[in-house]
């Protein structure tokens, strides 16, 4: 039954469509197995994930962000913190919501091109 499946684990174990070949080594059975150590690679992975899962201009609750990131990792709060740290997601000052961070998106792509 679906209640016993790992959240977000794809039955086929395939990579999500947004994952390019050079980031595929960080995934196991369709889920993030490791976070890249290199900051440029980490920024690219987080940016691609956020752009695939979150829509510009829409506010998300912490629970919505965590549920989305849990499809990719057993530690969604760590991924959420990375996304905020890399400005891929922005967090409201009062903690009430998150948005796709356009500045982080531009910065991540600019640094990956360097």
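Bear in mind these aren't lab numbers, they're just calculated from the coordinates by the rules spelled out. Bear in mind that the values here come from a model prediction, so they are computed numbers and not experimental data.
Quick look at the values:
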quantity: Distance histogram for segment 19-111 (every C-alpha pair counted, 5 angstrom bins, percent rounded to whole numbers); calculated: 3, 15, 27, 27, 18, 9, 2, 0
quantity: Theoretical gain in end-to-end length, residue 39 to residue 92 [0.36 nm per residue, Cα-Cα removed]; calculated: 16.7 nm
quantity: C-alpha center-to-center spacing [segment 16-55, segment 65-88] in angstrom; calculated: 11
